[in-house]
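First the structure, in the form of structure tokens, and then the observations on it.
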Amino acid sequence: MSDSERIEKLVEFNAKAIQALTERTNEFIQSNARAIQALTDLSSSILPRIDEMQRQMVNTQRQMIDNQRRIDDNTADIRELTLENQRILKYLESGKK
């Protein structure tokens, strides 16, 4: 085999190798593009749910604060009523004597 034939075969071999690598690279690019699209689609469906969960958490915290205020108000009312009842009871007891 002459040198020119060997060079020709090497060139042909390299061309096939380059073609195979190019095809494989394109497959990887397409695969990555599909994966990126899938992740983008997934984030598009997850982010609104996360936003909704955050809104629900804020609403729950507000409700807890409102409930605590009501409890505090009711506790204060109960104290006032207890004191008033004690005053009435003392008044009634003092009238009996």
Under the Kirkwood approximation for Rh and a Cα-based Rg, what ratio Rg/Rh is obtained for the chain?
1.86
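For the chain, what is the accessible area per residue in Å² when the probe is 1.4 Å?
Solvent-accessible surface per residue comes out at 95 Å².
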Can you give the convex hull volume per residue for the Cα atoms of the stretch 5-55, as a whole number of Å³?
39 Å³
Projected label distance in nm at ARG70 and ASN26, using a 7 Å step from Cα toward the beta-carbon:
6.7 nm
If I compute solvent accessible area with a 1.4 Å probe over the protein chains, what percent of it on the chain is carbon and sulfur?
59 percent
Between ILE78 and GLN54, take the C-beta separation as r, use R0 = 35 Å, and let me know the FRET efficiency to the nearest 0.05.
0.45
Using only Cα atoms, locate the centre of the stretch 4-42 and the centre of the stretch 58-76, then give the distance between them in Å, rounded to an integer.
64 Å
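The values are calculated or read from the model by the stated rules, or taken from the named source; none is laboratory data. The structure displayed is predicted, hence computed values, not measured ones. Note: ideal-geometry Cβ built from the backbone for every residue, glycine included; neighbour counts use all protein chains shown. When the accessible area is computed, the model is the full protein with side chains, heavy atoms only, and any ligands, DNA or RNA have been set aside. Shrake-Rupley method; radii C 1.70, N 1.55, O 1.52, S 1.80 Å.
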